[in-house]
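The values are calculated or read from the model by the stated rules, or taken from the named source; none is laboratory data. These figures come from a predicted structure and were not determined experimentally. Cβ: placed from backbone, ideal geometry, glycine included. Neighbour counts: every protein chain shown. Protein only, heavy atoms only, side chains kept; ligands, DNA and RNA dropped before computing areas. Shrake-Rupley method; radii C 1.70, N 1.55, O 1.52, S 1.80 Å.
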Amino acid sequence: MKQKTKSKIEVAFIYLFFLIMFVIIAYPLFWAVMMSLNPGTNMLVTDLIPKNPTIEHYKWLFTSPKSDYLIWYKNSLFVAIANAIGSVIITSLIAYAFSRYNFFGRKYGLYMFLLLQMFPALMGMVALYILLNTIGLTDSLFGLLLIYLGGQIPFNAWLVKGYFDTIPKELDEAAKIDGAGHLRVFWSIMLPLAKPILAVVALFNFMAPFMDFLLPRIVLTSPKNFTLALGLFNFINDKFSTNFTRFAAGAILIAVPIALVFLFLQRYLISGLTAGGTKG
């Protein structure tokens, strides 16, 4: 077989693979959008292409006295923004220390980060609940935020530390010769150069509270403290519930803040997503 023909076949299979993956990803999204535009609330009588599309379900989420959607949205935004900002600050400080300083336990600290990533978060749910109950932060957004901030440290610190390792230490030394202290070097040199990887950390940790269901399910019990994932689950939790179209409308709107943050950080994400793994 000629090399040119072989290349065309390979390209055709690549495009076929992309087409299959696009259908797998796009079909559930398309189905959810169309379902949210269907009249009625029962999933079993909805059409893939609604004959009489309506935005009544979106209006119901924001205007009905029976809907706590705005409260859940506010809670999710609070946790997401605080988690993104807090994660960037905590992770960058820890990664800077591991990247630039030699101290007792540094090597084993990095090994511990790797070890902690091997175990699923589900293993620690009972212990985390007991901890929050001990300090009085169960059914609290601050308790949920505390777990998010602590749980993200091992993976993100290792990721950002790898990126910091790629920044020449000569820049630090030159700044110190000019009289800059450790915090000045960190703030004026390391952070500006590490914007791509910090943007990735911020995006992933902003998305987490919107997507996570299990942890809020364990920590939060009051509807006024629910996040979106947990609140929307209650729409369809009961076996006699018929709120599937409202559930779909609420799920679609979750993508709005995530898309806005993605667009805001887009110029940093391309380089940041491939960074951090060159050194360890």
Within segment 140-160, is even one residue surrounded by fewer than 19 Cβ atoms within 10 Å (Cβ to Cβ), more than 16 Å from M125 (Cα to Cα) and of a type in the set (G, A, S)?
-> no
**Prompt:** Any residue in segment 87-96 that is among the aliphatic types (A, V, I, L, M), assigned to a helix (DSSP H, G or I) and surrounded by fewer than 16 Cβ atoms within 10 Å (Cβ to Cβ)?
**Reply:** yes
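Among L146, L137, which is out of contact with any His (no Cβ under 9 Å at 6 or more places or on another chain) and in a helix (DSSP H, G or I)?
Criteria check complete, one pass: L146.
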Scanning segment 63-83 for residues that are farther than 13 Å from P223 by Cβ and not in a helix (DSSP H, G or I) gives S64, P65
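Kindly indicate whether M112 is open to solvent by 80 Å² or more (accessible area, probe 1.4 Å), more than 28 Å from K224 (Cα to Cα) and either in contact (Cβ under 8 Å) with a residue 40 or more places away in the chain or polar (S, T, N, Q) (or both).
Against the criterion (open to solvent by 80 Å² or more (accessible area, probe 1.4 Å), more than 28 Å from K224 (Cα to Cα) and either in contact (Cβ under 8 Å) with a residue 40 or more places away in the chain or polar (S, T, N, Q) (or both)), M112 qualifies.
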Discussion item. T221 - would you say it is modelled with pLDDT of 85 or more and open to solvent by 20 Å² or more (accessible area, probe 1.4 Å)?
Written reply: yes
When you look at F113, is it part of a helix (DSSP H, G or I) and within 22 Å of the chain's Cα centre (by Cα), yes or no?
yes
Checked L137, L146 against criteria (touching a Leu at 6+ places or on another chain (Cβ under 9 Å), closer than 23 Å to I258 by Cα and of a type outside the set (D, E, K, R)); the one match is L146
Do we have any residue at all in segment 193-203 that's closer than 14 Å to L77 by Cα and either open to solvent by 20 Å² or more (accessible area, probe 1.4 Å) or touching a helix residue (DSSP H, G or I) at 6+ places or on another chain (Cβ under 9 Å) (or both)?
yes
Checklist entry - Is one or more of the residues making up segment 23-30 without any contact (Cβ under 8 Å) to a residue 24 or more places away in the chain, open to solvent by less than 60 Å² (accessible area, probe 1.4 Å) and outside any helix (DSSP H, G or I)? => result no
When restricted to T63, T5, T41, the only residue out of contact with any Asp or Glu (no Cβ under 7 Å at 6 or more places or on another chain) and surrounded by 16 or more Cβ atoms within 10 Å (Cβ to Cβ) is T41
Selection from segment 31-61 of residues within 17 Å of F233 (Cα to Cα) and either free of Cβ contacts under 8 Å to residues at least 24 places away in the same chain or in a helix (DSSP H, G or I) (or both) yields A32, M35, S36, M43, H57, Y58, W60, L61
